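The values are calculated or read from the model by the stated rules, or taken from the named source; none is laboratory data. Given the structure is predicted, the values throughout are model-derived calculations rather than measurements. Using ideal geometry, Cβ is built from the backbone for each residue, glycine included, and neighbour counts are taken over all protein chains shown.
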Amino acid sequence: MNDLPPKSLLGKVVVVTGAARGQGAAEAEALIREGARVIATDVTDAPGCRPLDVTSERDWAELARELRESYGQVHGLVNNAGITWRARVGDARPEDMARVHAVNVTGPLLGIQYLVPLMPVGSSIVNVGSSAALTGHYPVVYTTSKGALRGLSKTAALELGPRGIRVNTIHPGYIETEMTASAAPVFRESNIRETPLGRTGTVDEVASLVVFLLSDESSFITGAEIPVDGGLTSHGGVKSVSDALLRDSP
Ligand code: NAI
């Protein structure tokens, strides 16, 4: 007798953007392990990834056409592709705003617009936000883009609910990927200091949340925003106060 647990996404067709590396790659692998037929996509060439620039309407239209022909339906979309830009308020340029928002906000909008027509009742969309979107995180261009994505997610949840399509947002804290590796070391240290669990997160810890939100296990969850951040955004900045008092107490 086969006593393996049943696969939660057996046969579901799921598109993941930005899947060449980091969280997207881990999400694609986790979804495949759960039985999904994953279309991993990225703007950069990578083995197993189909080329797709999330800012390109033409790319989305072509992908939708192919999926209609090959599968007829799409059950899941993970809007994971994202870029950062670490200019401060005084240095952020209009062209930076346009470039980052094109990927982080317009990309997910296009994904929803082109794939929703292929989605049956019970489908699920996950937008990858950031702890930045819940706070006044310093890279203003990135923070505003992820804030805008929160708005898109909630509006889409409202509009697609009657069609039986769920839309949720996850907000990763500091996750070890190439994106965070490109920041100054002090960025990592200060994030750990502000994180109640006292460590950074892994791509697999984000991927398991994505699997849950794409599966029928989360069938009554929509319009939700779920941090996966070791508690980073839970304390409203009071962790340093608590830590200081603990240090000073006899
Ligand atoms: P990463 O930089 O390692 O990977 C991002 C992927 O997106 C890359 O493969 C890149 O080629 C792809 N991409 C960039 N522009 C694209 C475009 N126009 N079209 C298609 N693909 C494109 O980043 P990571 O860390 O894996 O981030 C994944 C998502 O998680 C992003 O949305 C990011 O903003 C978000 N996030 C990451 C956090 C972290 O600590 N690593 C924290 C919070 C949110």
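Before moving on, here are some points about what is shown:
- The residues of region 84-95 that are within 14 Å of the ligand (Cβ to nearest atom) and free of Cβ contacts under 8 Å to residues at least 60 places away in the same chain amount to a single one, W85.
- Qualifying residue in region 153-162 (condition: surrounded by fewer than 24 Cβ atoms within 10 Å (Cβ to Cβ), within 14 Å of the ligand (Cβ to nearest atom) and either in contact (Cβ under 8 Å) with a residue 12 or more places away in the chain or of a type in the set (S, T, Y) (or both)): no
- Members of region 49-74 found to be touching a residue at least 12 places away in the same chain (Cβ under 8 Å) and closer than 17 Å to G22 by Cα, listed by number: C49, R50, L52, V54
- The number of residues in region 165-184 that are assigned to a strand (DSSP E or B) and near the ligand (Cβ under 8 Å from one of its atoms) comes to 3.
- Candidates S131, S124 - the one that is of a type in the set (S, T, N, Q), closer than 25 Å to T55 by Cβ, away from the ligand (no atom under 14 Å from the Cβ) and touching a residue at least 24 places away in the same chain (Cβ under 8 Å): S124
- Among residues of region 53-79, those that are surrounded by 22 or more Cβ atoms within 10 Å (Cβ to Cβ) and away from the ligand (no atom under 16 Å from the Cβ), counted: 3
- Residue count for region 28-48, restricted to those that are near the ligand (Cβ under 9 Å from one of its atoms) and either surrounded by 22 or more Cβ atoms within 10 Å (Cβ to Cβ) or of a type in the set (F, W, Y) (or both): 2.
- S8 falls short on exactly one of the conditions (1) touching a Leu at 6+ places or on another chain (Cβ under 6 Å); (2) modelled with pLDDT under 95; (3) of a type in the set (S, T, N, Q), and that condition is (1).
- Here G107 clears all of (1) within 9 Å of the ligand (Cβ to nearest atom); (2) surrounded by fewer than 23 Cβ atoms within 10 Å (Cβ to Cβ) except the condition numbered (2).
- Any hit, region 135-149, residues being surrounded by 22 or more Cβ atoms within 10 Å (Cβ to Cβ), under 26 Å from L9 (Cα atoms) and in contact (Cβ under 8 Å) with a residue 24 or more places away in the chain: yes
Yes/no matrix, rows are residues, columns are (1) closer than 24 Å to T195 by Cβ; (2) at pLDDT below 95; (3) in contact with a Lys or Arg (Cβ under 8 Å, 6 or more places away or on another chain):
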residue: A87; (1), (2), (3): no, no, yes
residue: P108; (1), (2), (3): no, no, no
residue: I112; (1), (2), (3): no, no, no
residue: L115; (1), (2), (3): no, no, no
residue: I125; (1), (2), (3): no, no, yes
residue: L134; (1), (2), (3): yes, no, no
residue: G147; (1), (2), (3): yes, no, no
residue: G151; (1), (2), (3): no, no, no
residue: P162; (1), (2), (3): no, no, no
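- Residue in region 8-15 that is under 26 Å from E69 (Cβ atoms) and within 13 Å of the ligand (Cβ to nearest atom) present: yes
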